[in-house]
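The values are calculated or read from the model by the stated rules, or taken from the named source; none is laboratory data. Computed from a prediction, not measured in an experiment: that's the story for all the values here. A quick note on method: Cβ atoms are made from the backbone with ideal geometry, for glycine too, and the neighbour counts reach across all protein chains shown. Note: areas computed on protein heavy atoms with side chains; ligands, DNA, RNA excluded. Shrake-Rupley method; radii C 1.70, N 1.55, O 1.52, S 1.80 Å.
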Amino acid sequence: MIRVFVYGTLKRGQPNHHLIENVVNGKALFIGEGKTVVKYPLIIASRCNIPFLLPVEGTGENITGEIIHGEMFDVDEPMLRRLDALEGHPAWYKRVEIPIANSNGCSKCWCYMLEHFKPGLLHLPYLSNFDFHSLPKDQQYMAPAARSKHDTENFWIDVKREEFYISPLQFEELYPYAKDKY
C-alpha cells in the first residue's frame, strides 16, 4: 500500500471523495487526520475554484498560522493511478513525497502539488484547512460535471505558467490512463 495525503476535494465529506470510496477504482484505507510538518501555501484559484498546494516550503504563513491539515490514506496501485488521473500527474499537479505528522508520529506521504504555477498565486489568501462547505458561494469548488467545455479546457491557463501549460487533449495523448478521470 502507498500512503497519500489529501488536503482538498478528496478529503472525506468533500466533492471528490467518492473517487476514494469507490472500490472499482482500487483500495483505500483511511489512516487518520494529518498535517504537514512544513508550511506551504494552500490557495483556491482558477475559474473552477480548485484548491492548490504550492511547492514553496516555509512560505505558508497562512491565516491561522498553522500548517496544512488534511487526511492520510493507504491506497493500492490501481487507486494511486486513479488519483494520478484525477490530478493530472505529472503534467498538471505533480505527486511529491512530503513528511506528514499525526497522532502516531510522522511519516512520508505522497501529495499532489501545483508546480510551474503563475507567481501571482502566492499573493492569494492562504488556507490551512480546505472545507468546501464553509466557503462563500463565489469561492466554492466547481465539480467537473458542472464545468462548461470552455472551463474544462482552459482552467489550467489560470494557474500554470504559459511555457508549462498542456491542454487536456495533449495530456490524454501523453497519459492515456487519464481518459477515465471521473
_Hey, D84 at pLDDT 90 or above and outside any strand (DSSP E or B) or not_ = yes
*Scanning the range 164-182 for residues that are open to solvent by 70 Å² or more (accessible area, probe 1.4 Å) and either hydrophobic (A, V, I, L, M, F, W, C) or modelled with pLDDT of 80 or more (or both), which turns out nearest to Y93 (Cα to Cα)?*
F164
*Subset of the range 1-35 [assigned to a loop (DSSP other than H, G, I, E, B) and open to solvent by 50 Å² or more (accessible area, probe 1.4 Å)]*: M1, R12, G13, N22, K27
_Residues located in the range 36-60, provided they are open to solvent by less than 40 Å² (accessible area, probe 1.4 Å) and either assigned to a strand (DSSP E or B) or among the small types (G, A, S) (or both)_ = T36, L42, I43, I44, A45, S46, I50, P51, F52, L53, G60
*asked:* Against the definition (surrounded by 15 or more Cβ atoms within 10 Å (Cβ to Cβ) and not in a loop (DSSP other than H, G, I, E, B)), how does Y112 come out, yes or no?
replied: yes
*asked:* I'm checking my understanding of the structure. Among residues of the range 133-172 that are more than 15 Å from E115 (Cβ to Cβ), aliphatic (A, V, I, L, M) and part of a loop (DSSP other than H, G, I, E, B), which one is farthest from the chain's Cα centre (by Cα)?
replied: L135
